[in-house]
Amino acid sequence: MNLRRFLRALGGALLYFAIYYGWQLIVGNWASFAASWYAMMTAGEIPPAGSTEYIEWMTSVQNYVYELVMKYSMILTLVSGILALVTFFVIMKARKKRPLADIGLTRINPWLALELFALGAALNVFVTFAMSIIPFPVEWINSYVESSSVLADANVVVSIIVTVISAPIVEEVTFRGFMYGQLKGGMPMFAAMLISSWVFGMVHGDLIWFMYAFLLGIVLTYIGEKCGALTAPIIVHMAFNLFGSLTGLLGDMSETTFFILLISSGLVSLALLIHIGRSSERKIEFFK
C-alpha cells in the first residue's frame with residue numbers, strides 16, 4: 001500500500017465527512033442560539049445573577065431551548081443535509097468534475113430498482129424483528145427508545161421527507177459516494193468498506209443504531225459496487241427507512257406470526273442479495 005495515496009485518500013474522506021458533520025453542528029448551534037435569544041427576550045424581568053431564582057430561571061431557559069431544538073430536529077437535519085449537498089456540488093464544480101456521474105448517481109434498470117426496493121423492505125423487517133429478540137442491556141434499550149422518540153414526535157410529513165428521501169440521499173452521497181470513493185483510492189476495498197460503514201454507524205449515535213447501521217453500511221456498499229451506481233444503495237436505503245416507519249405501526253402479533261415474518265424476511269433478503277450479486281458482471285476484489 002502506497003503511504004502517500006493512503007494519507008491522501010484518508011484526508012479526502014475526512015474532508016467530506018467534516019463538511020457533512022460540520023453543517024449539522026453549525027445548523028444545530030445556530031438553532032440553539034436563536035432559541036436561547038428568543039427565550040431571554042420574551043422572559044420578562046431577569047432575576048439577579050447568582051440568586052436561586054436566577055439559577056432556576058436559567059434552568060428553565062435551557063430546558064426550553066432543548067425541547068424546542070428537539071421538536072424541530074428533523075427540520076434542522078433537512079436543512080443541514082441540503083447545505084452539505086450544495087457544498088459537495090460546489091466542490092465538484094470547482095474541481096471541474098461532473099457532480100452526479102462521478103459519484104455514480106446514474107439511472108438503473110427499473111426491474112433492478114424494484115428488486116432493490118424489495119431488498120430494503122425485507123432487510124428492515126428482518127433487522128427490526130431480530131433486534132427485538134436480542135437481549136440488549138436495559139441502558140442500551142432505554143437510550144434507543146429515547147433516540148427513536150425524536151422520529152415519533154416529529155411532524156409526519158417532515159419525518160417522511162427526512163427519513164425516506166433526504167437522509168438516504170445525503171447519507172449515501174456522503175458515506176458511499178464521497179467517503180468510500182476517496183478511501184478506496186488509497187487502500188483495499190474491504191478496508192474502505194469497513195471504515196466508511198463504521199463512521200456511518202457512529203453518526204447514528206445510539207449503540208443499537210450503530211450496530212445495525214454499521215452492518216447496513218456494509219450491505220449498501222456491496223450493493224453499490226455490484227450495481228455500479230450510487231442510485232442502487234439509495235433505493236435500498238429509502239425502502240429500509242420507509243418500512244422502518246411502517247413496521248412501527250404493527251400491532252400485537254402471535255409468536256408464530258412473528259417468527260414466520262422474521263425467518264421469511266431473512267430468507268428473502270439473502271435471496272435478493274445473492275440474485276443481485278450474481279446478476280451483475282462487475283467483479284469485486286475486496287483485498288486489492
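The values are calculated or read from the model by the stated rules, or taken from the named source; none is laboratory data. Small disclaimer: the values here were computed from a predicted structure and weren't measured. Every residue, glycine as well, gets a Cβ built from its backbone with ideal geometry; the counts of neighbours run over all protein chains shown. To get the accessible areas, we keep the full protein, side chains included, count just its heavy atoms, and leave off ligands, DNA and RNA. Shrake-Rupley method; radii C 1.70, N 1.55, O 1.52, S 1.80 Å.
Is there a quick way to get the dipole size of the chain? I mean about its Cα centre, with the Cβ of Lys and Arg at +1 and of Asp and Glu at -1; what is the value in debye to the nearest 20? The dipole of the chain has a size of about 2020 debye.
Where in region 51-89 is the amide nitrogen less than 20 Å from a point lying 7 Å along the Cα-to-Cβ axis of M40? Under cut-off, by backbone N: 51-70.
Mean residue ellipticity, 222 nm, helices only, the chain: the sum of -39500 (n - 2.57) across DSSP H runs of n ≥ 4, divided by residue count and rounded to 500, is -25000 deg cm²/dmol. Which whole number in µm²/s is D for region 1-65 by Stokes-Einstein, with the Kirkwood Rh taken over Cα pairs at 10 °C and 1.306 mPa s? Value of D from the Cα-based Kirkwood radius: 105 µm²/s.
Sequence neighbours fewer than 8 away in the same chain don't count; with that in mind, list the lysines whose C-alpha is under 23 Å from K288. Those lysines meeting the cut-off are K184, K226. Per q in 0.21, 0.26 1/Å, what log10 I(q)/I(0) does a Debye calculation on the alpha-carbon atoms of region 56-131 return? One equal scatterer on each Cα of region 56-131 leads to -0.97, -1.03. Amide H contacts under 5 Å for T106: L230, T231, restricted to partners 5 or more places along the chain or on a different chain, H placed in the peptide plane at 1.01 Å from N.
Leaving ligands, DNA and RNA out of it, rank K288, K226 by accessible area with a 1.4 Å probe, largest first. Before the final figure, lay out each step's value.
Details: K288 165, K226 25 Å².
Result of the area sort, largest leading: K288, K226.
Structural descriptor for region 159-225: relative contact order 26 percent, calculated from alpha carbon pairs under 8 angstrom and at least 6 residues apart.
Counting only Cα atoms, the size of the chain along its three principal axes is 72, 57, 33 Å, in decreasing order.
Spin-label pair T59-R95: with each label point 7 Å from Cα along the Cα-Cβ axis, the two points sit 5.1 nm from one another. Accessible surface comparison of H204, H275, H237, probe 1.4 Å, protein chains only, largest first: the order is H275, H204, H237.
Need one number for region 204-250: average projected area of the convex hull over its C-alpha atoms, nm². Averaged projected hull area, Cα only: 3.6 nm². In units of the rule-of-thumb radius 2.2 N^0.38 Å, region 162-241 shows an alpha carbon radius of gyration of 0.99.
Taking the inverse of the mean 1/r over every pair of distinct Cα atoms in region 206-282 gives a Kirkwood hydrodynamic radius of 14.1 Å.
From the Kirkwood radius over Cα pairs of region 2-135, Stokes-Einstein at 37 °C and 0.692 mPa s returns a whole-number translational diffusion coefficient of 165 µm²/s.
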